Amino acid sequence: MASSAYDTAILLLRVVLGLTMAAHGYNKFFGGGRIPGTAGWFDSIGMKPGLFHARVAASTEIAAGLGLALGLLTPVPAAGFVALMLVAAWTVHRANGFFIVKEGWEYNLILAAAAVAIAGLGAGRYSLDHLLFSNCGFYDLLHGWYGLAIAVGLGLAGGIGQLAIFYRPPAKTG
């Protein structure tokens, strides 16, 4: 069957969005301060223990990014985007307002919403979801309303759970 502009466009969006997120995780592991530096930063923003959160965030960014780029169980990596971006928006960017030019949460919203939209639309013909599951009923759970529900529900549960269990805002000084 011939490809469509839809399949090519969703592939482009998945790959760019996914590899961007995976690059963030890679940078936490191997860039600048590596995991110890990232851990110190997590401690400083109130996500304790910082070492645990540095490892979890970096691993989740890589796994969710690659999962979305490959289109593998697409609503699950999309949920990872939602959880990651909710925690980032709440802990780092919330106090700065909406716009990214003032370090606001605009970018976090765009990444999460784009991932959720992909979960709703489906990963398209050029994906592991299509390759592995298109001939069985399980495929129907990987897009449409089910995909949206999984991405939003699981993502919000993960992000809110992490904040409720671990986030302790640093004391304000002066």
Legend entry - Note, ³J(HN,Hα) from phi for the range 105-120, Karplus 6.51, -1.76, 1.60, rounded to Hz, x at Gly and Pro: 9, 4, 4, 4, 4, 4, 4, 5, 5, 5, 5, 5, 4, 4, 4, x
Legend entry - In degrees, nearest ten, helix 5-30 long axis to first principal axis of the chain (Cα): 30
Inset, instruction - With everything on Cα atoms, drop me the angle between helix 144-166 and the longest principal axis of the chain, reported from 0 to 90° to the nearest 10. - result: 20
Legend entry - Dipole moment magnitude, nearest 20 debye, the range 4-166 about Cα centre, only Lys, Arg, Asp, Glu C-beta charged: 320
Inset, instruction - On the full set of protein chains, 1.4 Å probe, figure out the accessible area of HIS24 and give it in Å² to the nearest 10. - result: 80
Inset, instruction - Keeping every protein chain in place, order GLU103, GLU61 by accessible area at 1.4 Å, biggest value first, i.e. largest first. - result: GLU103, GLU61
Legend entry - Carbon and sulfur %, accessible surface of the chain computed with the full protein complex present, 1.4 Å: 72
Inset, instruction - Starting from the residue with the highest accessible area, list THR38, THR60, THR8 in decreasing order, probe 1.4 Å. - result: THR8, THR60, THR38
Inset, instruction - Along Cα→Cβ, 7 Å out, is where each label goes; now give me the distance between the ones at VAL16 and PHE99 in nm to one decimal. - result: 2.3
Inset, instruction - Convert each backbone phi in the range 34-48 into a coupling constant with the Karplus relation 6.51 cos²θ - 1.76 cosθ + 1.60 (shift: θ = phi - 60°), then list the ³J(HN,Hα) values in order as whole Hz, x for Gly and Pro. - result: 6, 5, x, x, 5, 4, x, 5, 4, 4, 5, 9, x, 9, 10
Inset, instruction - Identify, among THR74, PHE133, PHE42, the residue whose Cα sits farthest towards the positive end of the charge dipole of the chain, taking +1 on the Cβ of Lys and Arg and -1 on the Cβ of Asp and Glu, with the dipole about the Cα centre. - result: PHE42
Legend entry - Pairs of Cα atoms farther than 19 Å apart, the range 44-174, %: 52
Legend entry - Note, ³J(HN,Hα) from phi for the range 63-80, Karplus 6.51, -1.76, 1.60, rounded to Hz, x at Gly and Pro: 5, 5, x, 5, x, 5, 4, 7, x, 10, 6, 2, x, 6, x, 4, 4, x
Inset, instruction - Largest first and in whole Å, give the semi-axes of the range 91-149's equivalent ellipsoid, each being the square root of 5 times a Cα gyration tensor eigenvalue. - result: 33, 10, 7
Inset, instruction - Would you mind pulling out the separation of the Cα centroids of the range 10-77 and the range 135-159, in Å? - result: 21
Legend entry - Accessible-area value, ASP7, 1.4 Å probe, nucleic acids and ligands omitted, Å²: 20
Legend entry - Ordering of 159-168, 93-102 by packing [mean C-beta count within 10 Å, highest first]: 159-168, 93-102
Inset, instruction - Report relative contact order for the chain in percent, whole number only (criteria: Cα-Cα under 8 Å, sequence separation at least 6). - result: 27
Inset, instruction - Mind running the shape call on the range 1-109? Use the C-alpha gyration tensor, a ≥ b ≥ c as the square roots of the eigenvalues: rounded below 1.5 for a/c, prolate if a/b tops b/c, oblate otherwise. - result: prolate
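The values are calculated or read from the model by the stated rules, or taken from the named source; none is laboratory data. What you see is a predicted model; the values in this text were computed from it and never measured. Every residue, glycine as well, gets a Cβ built from its backbone with ideal geometry; the counts of neighbours run over all protein chains shown. Heads up: the accessible areas ignore ligands, DNA and RNA and are worked out on the full protein's heavy atoms, side chains in. Shrake-Rupley method; radii C 1.70, N 1.55, O 1.52, S 1.80 Å.
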